[in-house]
1. If we scan segment 182-197, do we find a residue that is farther than 29 Å from residue 231 by Cα, in contact (Cβ under 8 Å) with a residue 24 or more places away in the chain and under 23 Å from the mean Cα position of the chain (by Cα)?
2. Limited to segment 67-88, what total is found for residues that are crowded, with 21+ Cβ neighbours inside 10 Å and aromatic (Phe, Trp, Tyr)?
3. State the number of residues belonging to segment 34-66 that are part of a strand (DSSP E or B), surrounded by 16 or more Cβ atoms within 10 Å (Cβ to Cβ) and not charged (D, E, K, R).
4. Could you list, in sequence order, all residues of segment 242-290 that are over 30 Å from residue 232 (Cβ atoms) and hydrophobic (A, V, I, L, M, F, W, C)?
5. Would you pick out the residues in segment 10-29 that are assigned to a helix (DSSP H, G or I) and hydrophobic (A, V, I, L, M, F, W, C)?
6. Go through segment 98-107 and report how many residues are open to solvent by 10 Å² or more (accessible area, probe 1.4 Å) and closer than 23 Å to residue 216 by Cβ.
7. Look at residue 237 and say whether it is modelled with pLDDT of 95 or more, part of a loop (DSSP other than H, G, I, E, B), under 29 Å from residue 74 (Cβ atoms) and touching a strand residue (DSSP E or B) at 6+ places or on another chain (Cβ under 6 Å).
8. For segment 115-209, please list each of the strands (runs of 3 or more DSSP E) lying entirely inside it that holds at least 3 residues being touching a Lys or Arg at 6+ places or on another chain (Cβ under 8 Å) and open to solvent by less than 10 Å² (accessible area, probe 1.4 Å).
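The values are calculated or read from the model by the stated rules, or taken from the named source; none is laboratory data. Being a predicted model, the structure only gives us computed values, none of them experimental. Here the Cβ positions follow ideal geometry from the backbone for every residue, glycine too, while neighbour counts run over all protein chains shown. Keep in mind that these areas ignore ligands, DNA and RNA; they rest on the heavy atoms of the full protein, side chains included. Shrake-Rupley method; radii C 1.70, N 1.55, O 1.52, S 1.80 Å.
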Amino acid sequence: MEAGLPPGVFNVVLGKADVGQWLIQDPDISKVSFTGSVPTGQAVMRAAALNLSKVTLELGGKSPLLIFGDTDVDTAVSVALAANFFTQGEVCTNATRVFVEEKLYSSFLHRCLHRVRSGAFRVGNPFDLSTNVGALISRAHLESVERKVESAVKDGASLVFGGKRVVPENPEIAGGFYFEPAILADCEDHMDVVKDEVFGPVMSVLKFKTEEEAIVRANATRFGLAAGVVTKDLRRAHRVVAGLNAGVCWINTYGVTPVQIPFGGFKSSGLGKENGREALDDYTRLKSVFVEMHDTEPSF
């Protein structure tokens, strides 16, 4: 109301799955937009199909970040950390599969570990402006992230940093679900931590030899939300991005989402677009009207 919207335009309805089901199946609802997990998105789409309602879905991701050997290593580290640990990893677009060209792999890990061991992560109260890693959303989710890190280590990954619960000294936030960002090296494509969305502060680092190999492996996922490329060679960057099956791609940066640019994924990562003029297509209907300005000639 304060923003100037007429009464009834914006409504907040609280409830659980049954309320959502009721809203989606109501014949007066002609457009449904959902952000969440793939299984829930599929359920939303099935429910909306009863009334053939328009649906846009922004679902999960397991995005790749391809770092080539010509890259400045400190730039690569900056992009990789930003692509993984923003909002303590609870971002669907995060590039949790970091593919590093073989000749840069050791240098990348060395500089990455130097950065994080020097205090890059400040875990704590999100109301403190110096904090850059807050708490996870729930105890159940914290335990899920823990299990995925433990599973990765059992599968052969090397936990080179973090991966443990953090108990803050501040008693006001001691009950929060804090987790130290984890960096996993020596990861392989078959590992669950590489295949499945973790939705937490866990970065998996993998090695590749050729550009063609990197593209194939990056696309070997049911998701297609986002991807990133880090290289000094812009021709290569655009060539690689053209081959990546992802709806949002970044070159030499990550996570920038201006409202003017369409946002949305491919494959199991969703349908439709948010942001940009393209988003209006999903919230409007196109009507065709023909008007005859002269006498109508008889057809019969």
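1. Going through segment 182-197, the residues farther than 29 Å from residue 231 by Cα turn out to be none.
No: segment 182-197 contains no residue that is farther than 29 Å from residue 231 by Cα, in contact (Cβ under 8 Å) with a residue 24 or more places away in the chain and under 23 Å from the mean Cα position of the chain (by Cα).
2. 2
3. From segment 34-66, those part of a strand (DSSP E or B) are 34-35, 54-58, 64-66; that's our starting set.
Narrowing the set further to residues that are surrounded by 16 or more Cβ atoms within 10 Å (Cβ to Cβ) leaves 34, 54-58, 64-66.
When the remaining residues are screened for being not charged (D, E, K, R), the result is 34, 55-57, 64-66.
Residues in segment 34-66 being part of a strand (DSSP E or B), surrounded by 16 or more Cβ atoms within 10 Å (Cβ to Cβ) and not charged (D, E, K, R): 7 in total.
4. Of everything in segment 242-290, those that are over 30 Å from residue 232 (Cβ atoms) and hydrophobic (A, V, I, L, M, F, W, C) turn out to be 271, 279, 280, 286, 289, 290.
5. Filtering segment 10-29 for residues assigned to a helix (DSSP H, G or I) gives 17-25.
Scanning segment 10-29 gives 17, 19, 22, 23, 24.
6. First pass over segment 98-107, keeping only residues open to solvent by 10 Å² or more (accessible area, probe 1.4 Å): 101-107.
With the extra rule that they be closer than 23 Å to residue 216 by Cβ, the set shrinks to 101-105.
Within segment 98-107, residues that are open to solvent by 10 Å² or more (accessible area, probe 1.4 Å) and closer than 23 Å to residue 216 by Cβ number 5.
7. Spelling it out, it is not the case that residue 237 is modelled with pLDDT of 95 or more, part of a loop (DSSP other than H, G, I, E, B), under 29 Å from residue 74 (Cβ atoms) and touching a strand residue (DSSP E or B) at 6+ places or on another chain (Cβ under 6 Å).
8. Strands (runs of 3 or more DSSP E) meeting the threshold: 202-208.
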